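Written below as C-alpha cells is the structure these notes are about.
The values are calculated or read from the model by the stated rules, or taken from the named source; none is laboratory data. Note that the coordinates shown come from a computational prediction; the quantities given were computed from them, not determined experimentally. Cβ sites come from the backbone with ideal geometry, for glycine too, and all protein chains shown count toward neighbours.
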Amino acid sequence: MRFIIHGGKKLEGEITLSGAKNAATKMLVATLLTSEPCTLTNVPLIGDLAITVELCRLLGSVVTENVNGKVEIQTPEIKNTHVTSLSRKNRIPILALGPLLARMGEAEIPFLGGDKIGARPVNLHLGALVAMGAEIDVLNDRYVARAPHGLRGANIVLQFPSVGATENSILAAVLARGRTVIRNAAKEPEIIALIKMLQNMGAIVELGANRTIYIDGVKSLHGVTHVVLPDRNEAASFACLAVATGGNVFVSGAIQEHLITFLNALRRIGGGYEVAPDGIRFFATGPLRAAEIETDTHPGFMTDWQQPFAVLLTQAEGASLIHETIYEDRFGYTEDLRAMGADIKVFTKCLGELPCRFAEKGFNHSAVINGPHALHGKELYVRDLRSGIAHVIAALIANGESVIHGIEEIDRGYENIEERLQSLGADIVRRA
Ligand code: EPU
C-alpha cells in the first residue's frame, strides 16, 4: 500500500485524537489478569491493536470486535500459554508473561518485533521477572518462563526507566505474593493510566517519590470498564503538521499536562498554540527559529516526537540540534529528508548535555539541521511508524508529488490517517 501526496496546502480545521496506542495495547494485556469481563472504550482502530487482540484470542480471550472504539474482552480461562506463532509482529507479547505466570505458572512467548530503531533488548523485563521468582530460558526464537509456585514480591531496581520493563513489572506484581518495590521506574502518562485501570480492578499500586512504585500483591482482580487516554504522539504529529504547513488545526482531546515539554519546544521555535478545555489549537505565527532538542524519558521531550519535530526544524531559520538519548538508531529517516532537500547531518557524538548511554559507542544519535530549506516531493519507503508520519508531514509541505510506500507501518499506530488528514484539506490518497 502507498500514499500519494501532493504537498503545499495549509492544513486547517479540527481533528480528534484517537486513544493512545501505547496504552490501549497494554490495557488489553492487563485484562488477562482477571477472568471477569472488561470493557475498554476509546480504543484506536490500528494495526497494533489487531495484533494484540490476536494475542489475547490465542491465549483464550473472548473479544468482541473494536466497533466505535469499544472492545469487550473476557478471559474466563487461559487456554494456551504458548504464543510463539505471533513471532516478531510487535513488542506486546512480552508483557503477557506476568499475567500468564500469575494465572498458569508458565508461559512461552516469541522474540519481539516492532520498529527497527535500535537493538531493543529485554534484559530489564527478564531481570524483573527473575527477581520475582520466575525461571526464564532464552531459546533460539522464544522465551520460556516458569513460576510453578507463582510470583513473589521483589525489590526491582531498573538500570534505566524503561517503559516496557516498568509495565511488565507492574503487571507481574499486582498478583504476586507480597510487596514489590520498583525503583527508577518510568512514569509516562500511559503508565499512570495503566495503573489507574489496575487500581479500578482491585490492585494496590502506590506512586512514591523519585520514580519509585510500590505494589502490594492481591489474590485476584475483577473486571473493569476503562476509557483509553488520548494519544499524545498523535497530538504532537498533528501539531507539527499544522505549524509546518503554515496552517491552523484544533486537536480535539489533546491534554496539556501530557504535552508540556512539547509545547515549550514549539513555543521556542515560534509555533503557536492555545489551550482550550477540550483540546489544543496549533497554528503558525510566522518564520520558525532553530532549537536544541534532547529526547528523554517523561517528563522530557519524547523520542516519538523527535521525527515530526525534525521535519518542522527543516523549515526553521538557523542550525538546530537533536540529541536522541532513548534509542541508538532513530535517525535513519533523515536520509529521506535529505533526499527531499533538507540539510541534515548525523553524528555519533552527543550533541547535548543529558547523560547518554550511547556516548562514544559509534551510534548516529545526534543530528544537526540547517534551515530553512524547501522540500520537494519524492518516492519514499517507510522505515518505521514515527518516521513514516515524518514522511507524511514532509510530503505535505513539499512541492510536488510524493509517493510513500509501505504505509502498513503507519497504520500500526495512526487510525484512518488519510481520511482524517483529508478533512483538514490535505491532498493524500491511499493506493493498493
Ligand atoms: N531497554 C533496555 N533493556 C530493556 C528494555 C529497554 O536496554 O529490557 C532500552 C531500549 O533498548 C531503549 C530504551 O531502553 O533504548 C527505552 O526503551 P523502553 O523500554 O522505554 O521502550 P519500549 O517500552 O520498548 C515504548 C513505546 C515506544 C516509545 C518508548 C519510549 C510501546 C509499545 N512502545 O517502547 O513507542 O518510543 O516506549 O517512550 O509502548 C512508537 O510508538 O513508535 C514507539 C516506538
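Quick check: anything in the stretch 116-123 modelled with pLDDT under 95, more than 13 Å from the ligand (Cβ to nearest atom) and over 25 Å from residue 35 (Cβ atoms)? Checked the stretch 116-123: no residue is modelled with pLDDT under 95, more than 13 Å from the ligand (Cβ to nearest atom) and over 25 Å from residue 35 (Cβ atoms).
Here is a check on your reading of the model: is residue 175 away from the ligand (no atom under 13 Å from the Cβ), touching a residue at least 60 places away in the same chain (Cβ under 8 Å) and closer than 15 Å to residue 133 by Cβ? Yes.
Checked against the criterion of being in contact with a helix residue (DSSP H, G or I) (Cβ under 8 Å, 6 or more places away or on another chain), farther than 19 Å from residue 18 by Cβ and aliphatic (A, V, I, L, M), the candidates 374, 394, 398 yield just one match: 394. For the stretch 13-28, filtered to residues that are of a type in the set (Ser, Thr, Tyr) and in contact with a strand residue (DSSP E or B) (Cβ under 8 Å, 6 or more places away or on another chain), the residue that is surrounded by the most Cβ atoms within 10 Å (Cβ to Cβ) is 18. Counting only residues that are in contact with a strand residue (DSSP E or B) (Cβ under 6 Å, 6 or more places away or on another chain) and either in a loop (DSSP other than H, G, I, E, B) or closer than 14 Å to residue 389 by Cβ (or both), the stretch 311-329 holds 5 of them.
Could you list, in sequence order, all residues of the stretch 1-27 that are on the phi < 0 side of the Ramachandran plot and part of a strand (DSSP E or B)? Matches in the stretch 1-27: 2, 3, 4, 5, 6, 12, 14, 15, 16, 19. Checking every residue in the stretch 38-46 against the condition of being touching a strand residue (DSSP E or B) at 6+ places or on another chain (Cβ under 8 Å), under 27 Å from residue 202 (Cβ atoms) and within 13 Å of the ligand (Cβ to nearest atom) gives at least one match.
Of everything listed in (1) farther than 17 Å from residue 205 by Cα; (2) away from the ligand (no atom under 12 Å from the Cβ); (3) surrounded by fewer than 17 Cβ atoms within 10 Å (Cβ to Cβ); (4) among the hydrophobic types (A, V, I, L, M, F, W, C), the single unmet condition for residue 131 is (3).
The set of residues in the stretch 139-174 that are modelled with pLDDT of 95 or more and among the acidic types (Asp, Glu) contains only 167. Going through (1) touching a residue at least 12 places away in the same chain (Cβ under 8 Å); (2) more than 30 Å from residue 418 (Cβ to Cβ); (3) in a loop (DSSP other than H, G, I, E, B) one by one, residue 254 falls short only on (2). The single residue among 34, 81 that is modelled with pLDDT of 95 or more and either among the β-branched types (Val, Ile, Thr) or under 16 Å from the mean Cα position of the chain (by Cα) (or both) turns out to be 34.
Exactly one residue out of 73, 78 is under 17 Å from residue 222 (Cα atoms) and in contact with a Lys or Arg (Cβ under 7 Å, 6 or more places away or on another chain), and it is 78.
Of the strands (runs of 3 or more DSSP E) that lie entirely inside the stretch 330-432, those containing 2 or more residues that are of a type in the set (A, V, I, L, M, F, W, C) and modelled with pLDDT of 95 or more span 343-347, 366-371, 401-405, 427-431. Within the stretch 316-337, the presence of at least one residue that is over 22 Å from the mean Cα position of the chain (by Cα), over 22 Å from residue 271 (Cβ atoms) and surrounded by fewer than 18 Cβ atoms within 10 Å (Cβ to Cβ) is confirmed. Residues of the stretch 262-282 that are touching an Asp or Glu at 6+ places or on another chain (Cβ under 8 Å) and surrounded by fewer than 20 Cβ atoms within 10 Å (Cβ to Cβ): 281 alone. Assess whether residue 225 counts as being in contact (Cβ under 8 Å) with a residue 12 or more places away in the chain, surrounded by fewer than 18 Cβ atoms within 10 Å (Cβ to Cβ), among the hydroxyl-bearing types (Ser, Thr, Tyr) and within 25 Å of residue 36 (Cβ to Cβ). In short, yes. For residue 355, the requirement of being farther than 26 Å from residue 113 by Cβ and either charged (D, E, K, R) or within 16 Å of the ligand (Cβ to nearest atom) (or both) is met. crowded, with 23+ Cβ neighbours inside 10 Å, among the aromatic types (Phe, Trp, Tyr), touching a residue at least 24 places away in the same chain (Cβ under 8 Å) and not in a strand (DSSP E or B), is that true of residue 238? Yes, satisfied.
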